[in-house]
1. Looking at ARG140, ARG121, ARG101, ARG96, which one is charged (D, E, K, R) and in contact with a helix residue (DSSP H, G or I) (Cβ under 8 Å, 6 or more places away or on another chain)?
2. Since HIS262 meets every condition but one in (1) open to solvent by less than 20 Å² (accessible area, probe 1.4 Å); (2) in contact with a Gly (Cβ under 9 Å, 6 or more places away or on another chain); (3) not acidic (Asp, Glu), which condition does it not meet?
3. Farther than 24 Å from PHE242 by Cα, among the β-branched types (Val, Ile, Thr) and touching a residue at least 12 places away in the same chain (Cβ under 8 Å): is that true of THR42 in this structure?
4. Considering only strands (runs of 3 or more DSSP E) fully contained in segment 1-86, which possess at least 3 residues that are within 16 Å of ligand 2 (Cβ to nearest atom) and open to solvent by less than 30 Å² (accessible area, probe 1.4 Å)?
5. Conditions: (1) more than 16 Å from ligand 1 (Cβ to nearest atom); (2) at pLDDT 85 or above; (3) not hydroxyl-bearing (Ser, Thr, Tyr). HIS36 meets all but one. Number of the miss?
6. Which ones in segment 102-118 are modelled with pLDDT under 95 and open to solvent by 30 Å² or more (accessible area, probe 1.4 Å)?
7. If you take the residues in segment 233-247 that are open to solvent by less than 10 Å² (accessible area, probe 1.4 Å) and within 16 Å of ligand 2 (Cβ to nearest atom), which one is farthest from PHE50 (Cα to Cα)?
8. Quick test for you: out of LEU124, LEU89, pick the one residue that is more than 29 Å from GLN226 (Cα to Cα) and either surrounded by fewer than 18 Cβ atoms within 10 Å (Cβ to Cβ) or out of contact with any Asp or Glu (no Cβ under 7 Å at 6 or more places or on another chain) (or both).
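The values are calculated or read from the model by the stated rules, or taken from the named source; none is laboratory data. Values in this document were obtained by computation on a predicted structure and should not be read as measured data. Here the Cβ positions follow ideal geometry from the backbone for every residue, glycine too, while neighbour counts run over all protein chains shown. These accessible areas exclude ligands, DNA and RNA; they are computed on the full protein's heavy atoms, side chains included. Shrake-Rupley method; radii C 1.70, N 1.55, O 1.52, S 1.80 Å.
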Amino acid sequence: MQTTTAPVIQVQGLTKAFRTYKKEPGFGGAIKGLFHRRYEQTLAVKDVTFSVAPGELVGFLGPNGAGKTTTLKMLAGLLHPTSGKAQVLGYVPWERDDGYRRQFALLLGQKNQLWWDLPARESLDLNAKIYGIPRDLFERTVAEMTELLAVKDKLNVMVRELSLGERMKMELIAALLHQPKVLFLDEPTIGLDVVSQKTVREFLREYNARQQTTILLTSHYMADIQELCRRVIIIDHGTIFFDGLLSEVVDRFADFKLITIHCAGAQNCPKEDLARYGELVEQQAGSLKLKVKRDRVISVCKALLDNLPVTDIDIEEVPIEDVIRQIFAR
Ligand SMILES: Nc1ncnc2c1ncn2[C@@H]1O[C@H](COP(=O)(O)OP(=O)(O)OP(=O)(O)O)[C@@H](O)[C@H]1O
Ligand SMILES: [Mg+2]
């Protein structure tokens, strides 16, 4: 994306290889393993390059095992890369400078980061003390955010007794207490019910707009991505294969369009006849929906108009969710 200001996140050729011990099956394998350890290398992130401008909210997409969490962990300084460079707010994350620690937050939706055996308020309070957040700012932030996230009445509940959604909201508050300039969110809505997902989403959109926090977000829920991110980076097998506007994903990767025609007697058209136009998606009284290769859309429309008593015709893009699913299935 073209921007005149310096990027907040700058990643160049970032690579991470994990070495894992591989055990051969059975007892024999275990014995053999005692003498000859066999290692296998997983290239989790391969030569990844991108940059993010101040205030951007970028979606980081990819199937399971694509390298998203590994990338975020490197940017948060939890992992050392095997090679490559990164700078966030001018800091090299894995040098773990205190100045950097105070300016970013990482939320791992799959992991509990709060103190399990404390009431939520005390757990937040401990976080605030670690970061040296002034009392009045702490009180104000907690009051405001618990209100927005609808967990005000949960502050005195032990963290381990909170529901998944309530805990995630508290985690989010904890991550934002020190007003980070950069936020890495790894599946912040995972496992939440649709209402909580929506609450968290709206909260993030608001927060990003108001605070101009730079956010890199992963989610397997396309609703999160569609509602929050104009730009997406798609990664697969550790390699980036798309970086651009979400709206361009459909143009680039959708091989099909959906054509709906309205005509009397649509329900009676023989399926074999319709198959020559494209894949029949829906057949109802008075309408038909067909999935048609992009490059055949015009000719199929012509043929349909010639051969059937068409009264109306609609051409739509395949939903982005389906396009992404199709990309991941490749
Ligand atoms: N500590 C580790 N040791 C060995 N291999 C690892 C380690 N962490 C991750 N990997 C491997 O690196 C690859 C990328 O994993 P990563 O967790 O980054 O994927 P992801 O994109 O976050 O996937 P998901 O959508 O399932 O969360 C996977 O093949 C994973 O098995
Ligand atoms: Mg992950």
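1. ARG121
2. Answer for HIS262: the failing condition is (1).
3. no
4. Answer list for segment 1-86: 38-52, 57-61.
5. (2)
6. Those that are modelled with pLDDT under 95 and open to solvent by 30 Å² or more (accessible area, probe 1.4 Å): ARG102, GLN110, LYS111, ASN112, GLN113, TRP115, TRP116, ASP117, LEU118.
7. GLY238
8. LEU124
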